[in-house]
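The values are calculated or read from the model by the stated rules, or taken from the named source; none is laboratory data. Since we're looking at a predicted model, the values are computed, not measured. Methodologically, a virtual Cβ is constructed for each residue, glycine included, from the backbone with ideal geometry; neighbour enumeration extends over all protein chains shown.
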Amino acid sequence: MAIITLTTDMGTRDHYVAALKGAILSLWEQAVIVDISHHVAPFNNMHAAFVLRNAWREFPAGTVHVIGVNPEGAKQIPHVAVKAQGQYFIGADNGIFSLLFDGPVEAIHELQGGPDASGPGAVVKQVFVKAACHLARGGAPGQLGPERTSVNEQYIVRPAVTGDSIRGQVIHVDHYGNVITNITRELFDAMVGDRAFTLSIGHPSNNIRKIHRTYGDVIPGERVAFFADSGHLEIAINKGAVGNGGGAAQLLGLRVNDVIRLEFERVPEQA
């Protein structure tokens, strides 16, 4: 049994996702199809990569991940199948693969041929699905097309670091209104450690001066900061969500790309 996952920006209002699943089952009736998300912000590689990056490691070896975001290929943006850590990823080589993995990949193969028709989902349904079913059935990656040595890279905004501050950014707001930043636990431990700090979020009354373990470490309705499973600093309101008093994004006025500033005491220089 092999799994085929779908990550798209097609939504669930129209017929596009159902058509994808029908195409998969028509090629391979035994396919196990898992929806990761169909509500990625349209054409947003960063959003798609964040969602898939935090899901794919939970899947078993041999899983095939179809990425239906920005799928339109061109001579400069070919379609590829990438193998990494025993799993396969199929999509357009538009920079998204550089956002999914921290280390080198095992293999890259360029997919041959294009869709017979145009329109939303055509590339995913007619090119990506065909390749995904081939791999899920145990087909050789080399039969998909010629091997390549690298994928295109997309620029990542990294936190700006000084001797006494980290200037980060909001990179994602989830379904609950929780805010995820690009400040990682690794960076925090290296720069802040056990020193006192202030996490500045707009108005001074919103500042946070402690990292907790999880939401329940504070009373309902209280703001909290902790490092989520993704390793990124998350800002939330315990039991707060859209429609339930408001999540952190709504109550603290935060949106994607907003600045998050973390200030701490400078370490004295050695004499």
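So, of the residues in segment 6-49 that are under 19 Å from Phe89 (Cα atoms), of a type outside the set (A, V, I, L, M, F, W, C) and part of a loop (DSSP other than H, G, I, E, B), which turns out to be modelled with the lowest pLDDT?
Ranking the candidates gives Asn44 first.
Against the condition part of a helix (DSSP H, G or I) and either polar (S, T, N, Q) or closer than 19 Å to Ile171 by Cβ (or both), how does Ser230 come out, does it pass?
no
Determine which member of the set Val82, Val124, Val157 is closer than 19 Å to Asn44 by Cβ, β-branched (Val, Ile, Thr) and surrounded by 13 or more Cβ atoms within 10 Å (Cβ to Cβ).
Val124
Given the criteria closer than 17 Å to His47 by Cα, part of a strand (DSSP E or B) and either in the same structural domain as His47 (by TED's automatic domain parsing) or among the charged types (D, E, K, R) (or both), does Gly91 qualify?
yes
If we only count strands (runs of 3 or more DSSP E) wholly inside segment 177-227, which ones have 1 or more residues that are in the same structural domain as Leu251 (by TED's automatic domain parsing) and aromatic (Phe, Trp, Tyr)?
197-200, 223-227
Which condition number does Phe101 fail, the rest of (1) surrounded by fewer than 21 Cβ atoms within 10 Å (Cβ to Cβ); (2) hydrophobic (A, V, I, L, M, F, W, C); (3) modelled with pLDDT of 95 or more being met?
Against the list (1) surrounded by fewer than 21 Cβ atoms within 10 Å (Cβ to Cβ); (2) hydrophobic (A, V, I, L, M, F, W, C); (3) modelled with pLDDT of 95 or more, Phe101 comes up short only on (3).
From the list Asn257, Asn178, pick out the single residue that is under 22 Å from Met46 (Cα atoms), loosely packed, with under 13 Cβ neighbours inside 10 Å and out of contact with any Lys or Arg (no Cβ under 7 Å at 6 or more places or on another chain).
Every option except Asn257 fails the conditions.
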